[in-house]
Structures are given as C-alpha cells and as structure tokens.
1. Sorted from largest down, give the three principal axis spans of the alpha carbons of the stretch 480-636, whole angstrom values.
2. With both partners inside the chain, how many of the DSSP beta bridges are antiparallel, as a percent to the nearest 5?
3. So how strong a dipole does the stretch 525-637 carry about its Cα centre when Lys and Arg Cβ are +1 and Asp and Glu Cβ are -1, to the nearest 20 debye?
4. Mind checking the full-extension length gain between E564 and T284? Use 0.36 nm per residue of separation minus the Cα-Cα distance, one decimal, nm.
5. Cα atoms only, the stretch 106-201: Rg and Dmax in Å?
6. Is the shape of the stretch 289-408 rounded, prolate or oblate, going by the alpha carbon gyration tensor and its root eigenvalues a ≥ b ≥ c, with a/c under 1.5 for rounded and a/b larger than b/c for prolate?
7. Put +1 on the Cβ of each Lys and Arg and -1 on the Cβ of each Asp and Glu in the stretch 316-424; which of S344, G329, I386 then has its Cα farthest toward the positive end of the dipole?
8. Could you go through the stretch 507-521 in sequence order and give the Karplus-derived ³J(HN,Hα) for each residue, using 6.51 cos²θ - 1.76 cosθ + 1.60 with θ = phi - 60°, rounded to whole Hz, and x for Gly and Pro?
Amino acid sequence: MTHTRPPTSSPASARPSGRRPERPRERHEPSGTPLPTWAGVCFFGSGAAALLYEVVWSKQFSYLLGNSTHAVATVVAAFLAGLALGARVLGTRLARRGQGARVYAVLEVGVGLLGIVSLPVLRGLDPLVGELYRALGGESAGFALVRFLLLFALLLPPAALMGATLPVLVAHVEHDLVGPALARLYALNTFGAVVGSFAGGFALMPGIGLGGTVWVAAALNFAVAALAWTAGRRTPSTHELKSGAGDRGTTDERRVHQLGASSPDPRPRPREALPGAQRIAFATLFALSGAAALAFQIAWVRLFSLVFGSSVYSFSAVLAVYLFGLALGSALVSRWMRRGVSLSGFARLELGLAVVAAFMLFAFSRLPQWMFDLVARSGAGWSRLIAGEVGVTAAMLLVPCALLGAAFPIAARLLQRGDGGQAAGFAYAVNTTGTIAGSLAAGFLAVPILGVQGTHVAALVLSFAIGCAALGVARARGELKGMDLVWALGAAAVVAIAIAGAPRWDPALMSAGVYRPTQANNLAIAAQAAPGAGSAVWRGSRRERVLFYREGINGSVLVGSDPEGRERWLRVSGKIDASTVDMETQVLLGLIPAALADSGARTMVIGLGSGVTAASALAAGAGSMEVLELEPAVVQASRFFHGPGEDPLDDPRTKVVLGDARTHLAHGSGRYGLIISQPSNPWIAGINNLFTVDFYRKVKTRLEPDGVFCQWMQTYELSPETFASLSASFLEVFGEGEVFAVWRAYDLLLV
C-alpha cells in the first residue's frame with residue numbers, strides 16, 4: 001500500500017522515546033550508493049548483447065516480412081512493448097524478492113537461451129506467414145494486426161526478460177532510493193548498446209552472419225550471468241545491508257529500520273517524489289518526452305540517410321552516435337543527482353533540448369556541403385569517409401541526445417513511490433510507452449505530412465511544451481522560482497526566432513545526393529558554371545527544376561529536370577534511380593525478356609521507377625502485370641515520365657502492388673511467365689536482400705517451367721569482390737542464360 005503524505009508527517013507519538021526526530025529524514029536524502037564494478041560490467045555487456053539481438057531480429061524479420069516502414073515499425077513496436085511490460089510487470093515483482101544479483105543472472109541466462117532458439121523459430125514461421133499473407137492481403141489492416149500480434153508473442157519472452165533486468169539490478173544496488181547508480185547503470189547499458197551497434201553492423205553480421213552473431217550475443221549473456229551469480233554470493237544487496245541483516249549495520253541503522261517497519265508503509269519515498277495527481281501529470285509528461293525523443297530520432301535518421309546515403313554503415317553510424325549521446329547524458333547527470341533532483345531541473349532539460357534543436361535547424365542546409373567536402377577529402381578512403389560521417393553526426397546530435405539521456409534517471413526519482421526497482425520499472429515502462437507512440441506517429445503521420453524538417457520542428461515544440469508544463473506542476477508544488485520563468489521566456493524567444501529565421505527545406509539541395517562521387521563531381525562542374533555567393537552544392541543544385549517532391553513513408557522522392565527541360569530524373573532518398581539519360585537501359589530491360597517470354601505471359605516487375613521498363617514489357621507483348629513498389633510516392637512520381645495515353649499504370653493489364661517485393665514473391669500465389677527485377681543499388685540497406693541466392697531461389701519457384709527472369713545489375717560503384725559475389729549468387733541458381741551489356745550506362749541485363 002502506498003501513501004502520498006510525506007514520511008516526516010508521522011505523529012510524534014510514533015517515535016521511540018529520546019530519539020532525534022530528524023533522524024528518519026536522513027533515509028530520504030539523495031542516495032550516494034556506489035555502483036559495484038561487477039554490476040557496471042554486467043550491464044555494459046547486457047546492453048551490447050541486447051543491441052546485437054535487435055539487429056539480428058530486425059534483419060531476420062526483414063526476410064520474413066519485408067523492409068517496408070510498416071513491417072519495421074511493427075518489429076520495433078513489438079520489441080519495445082515487450083521491454084515495457086517486462087520492466088513494469090516482471091521486473092518490479094522480482095526486484096522485491098531480494099537476491100537481486102542472482103535473479104539478474106537467471107534473467108540473463110533466460111535471454112541467452114531464448115536468443116539461441118529465436119532464429120530457428122523465426123525461420124520456421126515462413127509457411128504460417130505465407131498463409132496469412134495470402135488470406136488477408138499483404139498491406140491490409142487485418143494482416144498488419146495479425147503480424148503485430150505474432151511478433152509480439154514471439155518477442156515478448158526475450159524482451160520481457162531484458163526489460164526486467166533494469167529494475168532488478170537497480171533494486172540490488174539502490175533499493176531505497178534511485179539516484180546516481182541508476183543513472184550509471186543506464187549509461188553503461190547504453191554504452192554497451194553503442195558497441196553492439198558498431199560490432200553488429202560493421203563486423204559480426206558481415207563476417208559470421210546472423211547465426212554467428214546470435215551465438216556471440218548469447219555468450220555475452222552467459223558470461224554476464226556467471227559474473228553476477230558469483231558476485232551475488234560474495235556481496236549482499238543494499239536492501240540486505242539497510243535491513244540490518246546479520247551483524248551488519250550500526251545500532252542507529254537498525255533503529256531506523258525498526259522505525260520504518262512500525263509505520264504503515266516502510267518503503268522509502270524521496271523528498272522529491274510527487275504525490276497523487278501531480279505524479280500522474282508528470283508521468284504523462286515523461287511519456288510525451290519519450291514520444292518526442294523517437295520523433296527526433298526518426299527525423300534525424302531520415303535527414304542523415306538523405307545526405308549520407310542509405311547504406312547500412314551510415315545507419316549504424318547515426319544509431320551509434322544517438323545511443324552514445326543518451327549514455328553520455330545519463331552518466332553526466334549521475335553526479336548532479338547527489339544533490340537531489342527537482343521538477344524545475346527536468347523542465348530545464350526539456351527547454352534546453354528545444355533550444356538546441358531549434359539551433360540545429362540552421363545546420364540542416366549546411367549538411368550537403370559538409371558531406372561534399374568529406375567526399376572530396378576522403379577520396380577512395382572508405383574508412384575515412386565513415387569516420388567523417390560519425391564526426392559530423394556527433395557534432396549535431398551529442399548535445400540534444402545527452403539532454404534526452406539525462407531525463408530518464410531524474411524522472412525515475414520524481415516518480416518513485418516504492419523501492420528502487422519499482423521506480424526504475426515504472427519510469428522505464430512509462431517512457432517506453434511514449435516511444436512506441438512517438439515512433440508510430442512520426443513514421444506514419446508526421447514525416448509524410450510535415451516532412452523531415454517539419455517533424456523535427458514538431459518534436460522541439462513538443463519538448464518546449466513539456467518543459468513549460470513541468471514548470472506548471474512545479475508551481476502547483478510551490479517550487480517555482482524566478483529563474484525558472486527566465487529560462488522559459490528565454491527558451492520561448494530562441495525557439496520562436498529560430499523557427500521563423502531558419503532556412504526553409506530546399507528539396508533540390510537536400511536531395512542532391514553528394515554521397516555519390518559521380519554526383520558530387522557533376523555538382524562541382526555545375527557550381528563552376530554558376531559563380532557567386534553560396535556553397536558549391538547550393539550553386540550546383542540551382543540548375544535543377546523541381547517538378548515533384550514528396551516525403552514518403554519509406555523515403556524522399558523528387559522528380560527534377562534541367563533548366564531547359566530536356567532531361568528529367570527521379571531521385572529516391574537523394575539517389576537517381578531513373579532518368580531520361582539512361583533510357584536505353586530501361587527500355588531494353590523490358591523489351592529483351594518480354595521478347596524471349598511467351599506472348600501474353602503473366603508478368604511481375606520488381607520496382608516501378610519511372611515506369612519505362614513496365615511500359616516496354618507491355619509493348620513487347622507481356623500479359624497481366626503486377627508492378628511491385630515499396631514507396632507510394634514513386635507511383636505518383638512515375639507519371640512525369642510519360643505522355644498522355646502512354647502511362648503503363650493506365651493500362652488495364654497493370655496492377656500496382658504496394659509493399660515489399662521479396663515478401664510478395666515469397667508469400668504471393670501463382671506462377672509467372674516473366675519476372676523482371678530492377679531494384680535500386682545493392683549497397684542500399686534492405687535492397688541487398690534482392691540480390692541474394694535465397695531471393696533467386698524464390699524467383700525460381702514462382703517461374704513457370706519455361707518462364708524468363710531478367711535481373712538488372714550495375715557495374716559501377718562496386719568493388720570487384722562485391723561484383724563477383726553478386727554474379728556468383730545469380731549463377732548459383734540460374735546457371736544458364738545470357739548477359740546483355742549496356743556499355744554507355746555501365747549496366748548489365750542477366751537473362
């Protein structure tokens with residue numbers, strides 16, 4: 001049972017005779033419990049293992065459900081929901097049992113065992129997912145719901161165990177009062193996630209594959225469990241120490257414990273803890289701060305993928321910097337928490353976040369030039385380019401991410417009403433619930449409606465509102481100070497001026513695609529022909545007329561042309577995927593395989609692009625055609641490449657299927673006499689799934705016995721080793737065929 005009255009309000013008659021009345025209050029002062037070394041090592045390793053699992057599961061689910069934003073969001077939401085439930089329901093209960101180190105060890109063993117069996121289980125779901133896909137429809141609401149429930153059921157056990165580890169370990173080292181130890185644990189766990197992100201993205205998955213990465217993660221879990229179990233035999237928890245177990249503790253400590261036991265609620269509550277309605281109000285604000293944090297993350301990922309490119313390495317670099325900033329903020333705030341926390345302190349963090357995010361708006365338009373300079377300085381040095389991207393990302397994100405990371409331990413103290421485990425579990429669950437809502441709202445609503453910069457602005461305005469509302473709760477408690485109002489007014493002025501004065505989003509500039517050396521060179525030539533003020537990228541991009549621009553769910557889509565209107569191109573996330581310059585490749589990609597296939601053959605085209613390939617196949621005699629396209633905005637953009645009556649989407653034989661091509665190929669029904677695959681470049685994250693042996697085997701199972709398959713493949717911007725690997729994958733499944741070379745475009749058509 002929890003009481004909202006301050007613990008110092010106990011009647012004087014309840015105090016033993018002769019005891020100093022202020023003695024019990026000392027138990028509620030900010031805790032300075034040191035963090036045991038073994039606990040820090042364990043939680044660091046646990047964070048690395050958790051990130052490895054998340055990377056592996058995301059990759060395996062992409063094989064099972066595709067790379068659409070809907071599928072990825074489903075995986076993230078199910079995983080976060082499992083973490084939240086584990087922290088709130090399982091973790092808080094286990095934390096009260098004592099023996100926290102050993103309970104934590106058992107949880108880690110459970111995570112490792114479930115991690116080992118996760119891949120075989122996920123791979124065995126393929127037939128079931130196929131039946132559901134065919135019965136409900138790939139992009140239907142029914143399939144989305146069933147998909148979430150299925151993933152939630154699969155991820156709940158391991159995610160719940162992961163979520164339970166935080167409150168259990170916090171209760172072991174800070175049973176009475178969450179404070180610096182919680183902040184350090186959260187920081188070390190997140191630092192471990194940074195290592196896991198780099199190791200998984202750059203070394204383990206490319207080197208030993210998904211299965212090997214899972215075994216590495218499980219080995220980390222088992223090692224952590226062994227260390228925690230051993231430590232649990234040697235050292236008691238703070239709960240055992242402060243309970244006066246055995247001969248430990250002074251006479252005064254035992255008396256304090258006895259006094260607490262005589263009260264109706266012996267569990268401590270910090271003096272900063274919020275009562276009743278104020279606690280509910282602040283919990284709501286903390287959930288909203290989690291939503292704002294995920295909205296920021298989604299906007300930043302889209303921003304940097306547009307400027308740096310959508311490779312898995314760029315994504316891993318951005319994610320690692322984001323996590324490092326969270327960890328840094330939590331680590332730094334641990335020292336401050338020794339002096340206590342306050343609502344106004346939390347409010348200042350949110351107001352500071354809004355101010356920093358407002359200043360970031362002025363850096364958005366400079367990012368393409370910074371990337372242009374990085375490409376020029378790095379030359380052929382890939383590692384130098386990645387290091388430069390990490391440096392630019394850190395310069396922009398470390399401060400706002402540190403502010404985000406500092407908020408969690410402060411909020412946990414303010415929300416505490418029971419023991420340390422309960423406080424950590426409740427705060428974690430509240431914040432994670434907000435992150436789920438923020439992820440879905442930003443990915444499916446804010447970015448498509450407001451755009452990347454608009455989503456960033458919405459998140460910073462929300463952070464500002466959270467800070468002001470927190471000051472309102474502080475005023476209700478009588479804690480508001482004059483300087484707090486100065487902070488709020490100053491932040492309001494800065495935010496308003498920055499939003500009004502920051503450069504507007506420039507589609508041509510932001511989609512310039514300077515991460516590709518050839519495009520950077522073209523921009524440099526264009527800039528020389530347009531002297532004057534402004535950066536080289538800005539001057540070079542002025543020659544582009546923007547005919548169409550949409551911030552889609554899966555990427556940014558632009559149709560541009562030269563000033564005279566002679567040439568036209570389609571950019572997806574900054575990369576040209578089709579243009580009137582490479583029309584020869586697009587036409588032949590449809591004509592050649594359609595000429596070799598039976599007339600009227602049922603046809604599948606993977607990737608719409610400009611639609612020229614689909615139009616060519618229809619003109620050459622293809623029958624009913626399914627065009628698979630991941631991004632709806634590309635469908636709108638393709639109409640700019642056809643005259644009246646020439647658009648293949650208006651042909652009654654054509655049906656557009658919005659969704660992941662690999663998933664539809666694996667789980668759809670029927671066979672095809674002709675399949676044409678023209679995805680984007682294989683170095684883009686997710687697209688490489690369409691150049692694998694597994695993909696080609698699925699193609700073969702969907703072809704008629706005398707069917708024809710045509711695969712587009714580039715010869716540029718690939719190392720000899722990568723090109724050999726891609727070719728070998730095709731030849732392993734299709735050992736006989738013909739190769740057509742379009743030398744002017746440096747393209748190959750494998751038939």
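1. 81, 45, 24
2. Close to 55 percent.
3. I would put it at about 420 debye.
4. That works out to 95.3 nm of additional length.
5. 18.2, 54
6. prolate
7. Farthest along the dipole direction, towards plus: S344.
8. With coefficients 6.51, -1.76 and 1.60, one gets x, 5, 5, 6, 9, 5, x, 6, 6, 9, x, 5, 5, 4, 5 Hz.
Every number in this text was worked out from the coordinates using simple rules, so none of it is lab data. For clarity, every value in this text was computed on a predicted model and none was experimentally measured. All Cβ positions, even for glycine, are placed from backbone atoms using ideal geometry, and neighbour counts span all protein chains on display.
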